[in-house]
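Each reported figure results from applying straightforward, stated rules to the coordinates on display, with no laboratory input. Just so we're clear, the structure is a prediction, and the values are computed from it rather than from any experiment. We place every Cβ from the backbone using ideal geometry, glycine too, and count neighbours over all the protein chains shown.
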Amino acid sequence: MTSEGESGFGFGRPPREGREGGREGGFRRDRDRERAPMTAKGRLRAKARKKARKAAKKRGSGAFGRKKVCRFCADQNAKIEYRDPKTLRYFMTETGKLIPQRISGNCARHQRQVAVAIKRSRQLALMPYAPSHV
Ligand SMILES: [Zn+2]
């Protein structure tokens, strides 16, 4: 009984200690590596990263925090044309109504242009006036 217990104890201890020692050494080295290149610039960058992370969290957590960006302001190549019903479709409901600015996210200027373009393409029968036309 006693001999078995002792042997078990002796067998279990040394390898554990060895592993722990190895781990500690590794941690210490990693910390040193992270601290060593911390210049003033590096510290500023770390601060900026922290700020950005906080801001991202705030935006993500808030239900109304998402900021809409006008499609046409963001993409300079995107054009509003009455001859292009594919893009105008995006600003129209399934029932053929114009989607309001607060939902589409367009800025005032581009929303006006979209509205005019849709009205023009309706005249040319490229877009619907009423749900029965869709
Ligand atoms: Zn715009």
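Please go through the range 76-91 and give me each residue that is assigned to a loop (DSSP other than H, G, I, E, B) and within 29 Å of the chain's Cα centre (by Cα), ordered by number.
Residues satisfying the conditions are 76, 77, 78, 79, 80.
For residues in the range 92-134 being crowded, with 16+ Cβ neighbours inside 10 Å, part of a loop (DSSP other than H, G, I, E, B) and among the aliphatic types (A, V, I, L, M), which is farthest from the ligand (Cβ to nearest atom)? Per the criteria, the residue is 126.
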